[in-house]
1. Keeping to region 237-258, report how many residues are under 25 Å from Gln176 (Cβ atoms) and buried (at least 19 other Cβ atoms within 10 Å of the Cβ).
2. Determine which single condition Ser110 fails, assuming it passes every other condition in (1) of a type in the set (Ser, Thr, Tyr); (2) within 23 Å of Lys220 (Cβ to Cβ); (3) crowded, with 24+ Cβ neighbours inside 10 Å.
3. When you go through (1) of a type in the set (D, E, K, R); (2) more than 27 Å from Asp24 (Cβ to Cβ); (3) free of Cβ contacts under 8 Å to residues at least 24 places away in the same chain one by one for Glu302, which number turns out not to apply?
4. Looking at region 51-61, can you tell me whether even one residue there is surrounded by 17 or more Cβ atoms within 10 Å (Cβ to Cβ) and either within 22 Å of Leu353 (Cβ to Cβ) or touching a residue at least 40 places away in the same chain (Cβ under 8 Å) (or both)?
5. Would you check which residues across region 110-124 are in a loop (DSSP other than H, G, I, E, B) and of a type in the set (Asp, Glu) and list them?
6. If we keep just the residues of region 216-241 that are free of Cβ contacts under 8 Å to residues at least 24 places away in the same chain and not charged (D, E, K, R), which is farthest from Gly154 (Cα to Cα)?
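The values are calculated or read from the model by the stated rules, or taken from the named source; none is laboratory data. What you see is a predicted model; the values in this text were computed from it and never measured. All Cβ positions, even for glycine, are placed from backbone atoms using ideal geometry, and neighbour counts span all protein chains on display.
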Amino acid sequence: MKKIKAAVLGCTGMVGQQFIRLLDDHPYFELSCLTASPHSRGKRCGETTANGDQPALGEKTASLVIRETTAAAVIQSGARVVFSALPASISGELEMELRKNGLFIFSNASSHRMDALVPLLIPEVNSAHLELAWAQLREFSGLIITNSNCSVAGLALALKPLTAFAVQALTVTTFQAVSGAGQRGVAAWDIMGNVIPHIANEEEKIASETKKILGTLAGKQIRDHGLEIYPSCSRVPVKEGHLQSVSVEFAAPVSASEIATALSGFSAEPQQMALPTAPRRPIIVLDAPDRPQPALDAWAGEPTRARGMAVTLGRLRCRGKRCSFFLLVHNTVRGAAGGCVLNAELALKKRMLGGN
Ligand SMILES: NC(=O)c1ccc[n+]([C@@H]2O[C@H](COP(=O)([O-])OP(=O)(O)OC[C@H]3O[C@@H](n4cnc5c(N)ncnc54)[C@H](OP(=O)(O)O)[C@@H]3O)[C@@H](O)[C@H]2O)c1
């Protein structure tokens with residue numbers, strides 16, 4: 001198969017760096033354009049990569065020169081697929097302009113997540129919502145597909161197999177890593193030895209995005225899932241991996257063994273299609289009483305390309321109609337760049353990205 005040329009916008013950030021790692025030597029996509037702020041323009045990719053504990057980049061990727069972030073620069077590069085890791089403050093207009101020019105945008109930014117025709121996609125959960133992207137293709141010739149907020153990416157994935165048990169409500173408390181706030185997000189002095197019990201707009205995003213993702217497609221609209229969600233979010237001094245304490249209420253009593261079986265046996269289209277970035281087991285249930293832990297489990301997932309794409313879950317306890325557990329999601333991989341690349345792999349296999 002001929003590879004499709006791809007761009008990464010915001011390539012020097014926490015998410016951008018993961019994109020570069022995942023797209024270096026990707027079987028479907030070939031990196032041809034990297035952009036960032038004027039501060040990084042003209043540098044070679046190899047000079048800016050801060051992924052010390054990751055394998056070295058290929059020579060071709062390392063030598064790519066970072067361009068300015070404009071629609072013209074991306075279009076001129078010949079890229080057809082665009083992975084966006086820009087701050088929401090600048091991604092909105094630019095992504096729409098690129099779509100108008102027939103490009104296929106896969107975005108981490110929140111700007112278009114709640115747009116009526118934009119799928120908020122987790123391939124294992126709501127691939128049926130891709131129908132909306134076909135409507136965009138008819139209208140604009142390009143498309144925008146977004147992935148969710150990083151906490152939601154793990155939460156909605158774990159909830160999907162539980163919807164068969166009629167989920168009524170959930171309470172979730174998050175312990176979110178500092179990488180979730182971006183490279184310059186939280187001052188070291190504020191977070192060292194501390195917990196900050198507030199992340200701007202995060203609780204609202206968890207409620208609205210989870211309901212959209214678990215919602216049902218009705219014509220050209222998503223009907224939100226009716227479950228009630230009570231989120232509380234905090235920032236903790238952890239490098240990567242968002243831990244969440246979740247308590248789910250069902251319509252009828254359930255047992256821990258049936259819930260554990262539903263979670264660990266879950267797989268969906270990406271696994272059946274063997275997409276390159278799909279983890280063989282999207283949800284891994286751990287038995288040890290002190291897991292999951294960000295330091296030990298954030299990079300769960302096989303094969304190697306899917307490291308960080310599996311959600312780990314443990315401490316499952318059920319009583320009557322209520323089950324509680326901890327879950328862990330790698331925020332910049334499954335919750336950002338990895339989720340986005342998986343979205344693009346699925347769209348390509350569904351023949352939404354032009355002739356391939
Ligand atoms: N971090 C996460 O876990 C996570 C998870 C899900 C979604 N997201 C979303 O993904 C996006 C990127 O997040 P991040 O954590 O990677 O942020 P980040 O570390 O702050 O990186 C931001 C990137 O955007 C570039 N940039 C900033 N201002 C710019 C401008 N005015 N013009 C052009 N480029 C500009 C930066 O370039 P320079 O280095 O040159 O300044 C950098 O490459 C955000 O929308 C965020 O909400 C993040």
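1. Final tally of qualifying residues: 8.
2. So Ser110 meets the others, but not (3).
3. (2)
4. Scanning region 51-61, I find at least one residue that is surrounded by 17 or more Cβ atoms within 10 Å (Cβ to Cβ) and either within 22 Å of Leu353 (Cβ to Cβ) or touching a residue at least 40 places away in the same chain (Cβ under 8 Å) (or both), so the answer is yes.
5. Scanning region 110-124 gives a single hit, Asp115.
6. First pass over region 216-241, keeping only residues free of Cβ contacts under 8 Å to residues at least 24 places away in the same chain: 216, 218-219, 223-224, 226.
Now narrow it down to the ones that are not charged (D, E, K, R): 216, 218-219, 226.
On the way: Thr216: 19, Ala218: 25, Gly219: 27, Gly226: 19 Å.
The selected residue is Gly219.
Matching residues to (1) under 17 Å from the mean Cα position of the chain (by Cα); (2) within 16 Å of the ligand (Cβ to nearest atom):
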site: Ser127; (1), (2): yes, no
site: Leu130; (1), (2): yes, no
site: Ala135; (1), (2): no, no
site: Ser141; (1), (2): no, no
site: Ser148; (1), (2): yes, yes
site: Ser151; (1), (2): yes, yes
site: Leu159; (1), (2): yes, no
site: Thr171; (1), (2): no, no
site: Thr174; (1), (2): yes, yes
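Conditions tested, residue by residue: (1) among the β-branched types (Val, Ile, Thr); (2) closer than 25 Å to Arg305 by Cα.
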position	(1), (2)
Ile20	yes, yes
Leu31	no, yes
Glu47	no, yes
Leu64	no, yes
Gly78	no, no
Leu86	no, yes
Ser110	no, no
